[in-house]
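Working notes for the structure below.
The values are calculated or read from the model by the stated rules, or taken from the named source; none is laboratory data. Computed from a predicted model, the values in this text were never measured in an experiment. Reconstructed Cβ throughout: ideal geometry from the backbone, glycine too, with neighbour counts over all protein chains shown.
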Amino acid sequence: MSHNKVPFDLTGRTALITGSTQGIGFAIGKALASAGASIVLNGTSEESAAQPSVDALKEFGGDAWFCQSDLSQPGSAKQLYDEAVAKAGPIDILISNASVQSFTPFLDVEEDAIDYQFATNFKSSFILIQLACKDMLERGWGRIITIGSVQEENYNSNFSVYGALKAAQTHLVKGLAKTHSRNGVTFNNIAPGSIDTKRNKAFFADPANLSSMVAKIPVGRIGAPEDCDGAALLLCSDAGAYINGLNLFVDGGLRLKADPPS
C-alpha cells in the first residue's frame, strides 16, 4: 500500500467539528487547518460571536465556515450536517465534540437533566455519525472521531450521566470500527482528562481544587486544549490510516490507579 509522502497533509479535506468555537474543538480545528483542511466550526453562539474563530482558521490559508445549532434540540443534528454540506461540500472528517455536563450527585439527578445530556452528548453524535458514515463509505475515504472523557473510566458519581453517555459513545465507535471500516473510513475516540477549558475555569480558580487535581495527574499539570490536537491530527491523517477502533486517552495518566500503600 502506498502512503502519502506528507502523511499529515490534509489539503483538500473538509472537517466538521461540533462544539468548536473554543476549547478542545477549536484547538483541533486549528491543528487540522494548519495541515491544510477546510473547517466547519459549530456552536450555539451567534455567528457574529463566532466570527473571530472563523477568521483565525482562515489565516492558515484554507476555508472556514460557521454553522449555529443547539444539538439538544430534535432535528438539529441533521440540520447541522445538511447546512455544513451546503456551505462546504462533502464532509471528509467528522469530529463529534459538542457536549454538556451537569455536576449533580447521582441520587439528585432529575429526568430533564438526563434527557438534555442524552440529546446533546449521544443522540446528536449518533445521528451525525450515521449521516457522515454513509457519505464517506460511498466516496471511499473518511475519518470519524468522537471526543469522550476520562470519566468513561474514572467514575465520578457527580458526573454519572455524563460518564455513562461518553462510555456509550465509545462503545458505538468501537462497534462501527468492526462493522463499517472499509473504503478508507476509520472510527476512533479521544478521551481527554482534566483540561483547562472555559467549562472548568471556575473549578480550577480555587487553588485547593487545582492542587488536588494536579496531585492525581502523573505528568504533574492540568492539560491544555492544544494537548488534544496532535492525537486528532494523527487519527485524521494518512499517518493514522491503520488506527481504528481506538480509545485514546489524553489525560496525563489521570485514569491510572495509584499504587497501593507499601
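Please enumerate the residues belonging to the range 1-21 that are at negative phi, surrounded by fewer than 18 Cβ atoms within 10 Å (Cβ to Cβ) and touching a residue at least 24 places away in the same chain (Cβ under 8 Å). His3, Asn4, Pro7, Asp9, Thr11 - these are the residues of the range 1-21 that are at negative phi, surrounded by fewer than 18 Cβ atoms within 10 Å (Cβ to Cβ) and touching a residue at least 24 places away in the same chain (Cβ under 8 Å). Within the range 205-220, at least one residue is in contact with a Lys or Arg (Cβ under 7 Å, 6 or more places away or on another chain) and over 25 Å from Lys134 (Cβ atoms). Being touching a residue at least 60 places away in the same chain (Cβ under 8 Å), closer than 19 Å to Asn154 by Cα and within 18 Å of the chain's Cα centre (by Cα) holds for only one residue in Leu234, Leu248, Leu254, and it is Leu248.
Looking at Gln101, is it under 21 Å from Lys78 (Cα atoms), polar (S, T, N, Q) and within 20 Å of the chain's Cα centre (by Cα)? Answer is no for this residue.
Residues in the range 110-124 that are of a type in the set (S, T, N, Q) and either in contact (Cβ under 8 Å) with a residue 60 or more places away in the chain or within 16 Å of Asn158 (Cα to Cα) (or both): 2 in all. Could you say whether any residue in the range 179-194 is under 30 Å from Asp92 (Cα atoms), in contact (Cβ under 8 Å) with a residue 12 or more places away in the chain and of a type in the set (D, E, K, R)? There is at least one residue in the range 179-194 that is under 30 Å from Asp92 (Cα atoms), in contact (Cβ under 8 Å) with a residue 12 or more places away in the chain and of a type in the set (D, E, K, R).
Check whether at least one residue in the range 104-114 is surrounded by 15 or more Cβ atoms within 10 Å (Cβ to Cβ) and in a helix (DSSP H, G or I), and report yes or no. So far as the range 104-114 goes, yes, one or more of its residues are surrounded by 15 or more Cβ atoms within 10 Å (Cβ to Cβ) and in a helix (DSSP H, G or I).
Taking the range 152-262 and the helices (runs of 4 or more DSSP H) fully enclosed by it, the elements with 1 or more residues that are buried (at least 20 other Cβ atoms within 10 Å of the Cβ), in contact with a Ser or Thr (Cβ under 8 Å, 6 or more places away or on another chain) and modelled with pLDDT of 95 or more are at 160-179, 229-236. When the range 5-43 is limited to residues that are among the β-branched types (Val, Ile, Thr) and more than 16 Å from the chain's Cα centre (by Cα), the one that is modelled with the highest pLDDT turns out to be Thr11. Residues in the range 110-161 that are in contact with a Leu (Cβ under 8 Å, 6 or more places away or on another chain) and of a type in the set (Phe, Trp, Tyr) were compared, and the one that is nearest to Arg13 (Cα to Cα) is Phe126. When each of Gln68, Gln79, Gln73 is tested for being within 26 Å of Gln130 (Cα to Cα), in contact (Cβ under 8 Å) with a residue 40 or more places away in the chain and either crowded, with 20+ Cβ neighbours inside 10 Å or over 16 Å from the mean Cα position of the chain (by Cα) (or both), the lone residue that passes is Gln73. Checked against the criterion of being in contact (Cβ under 8 Å) with a residue 24 or more places away in the chain, acidic (Asp, Glu) and within 29 Å of Ala224 (Cβ to Cβ), the candidates Asp55, Asp135, Asp92 yield just one match: Asp92.
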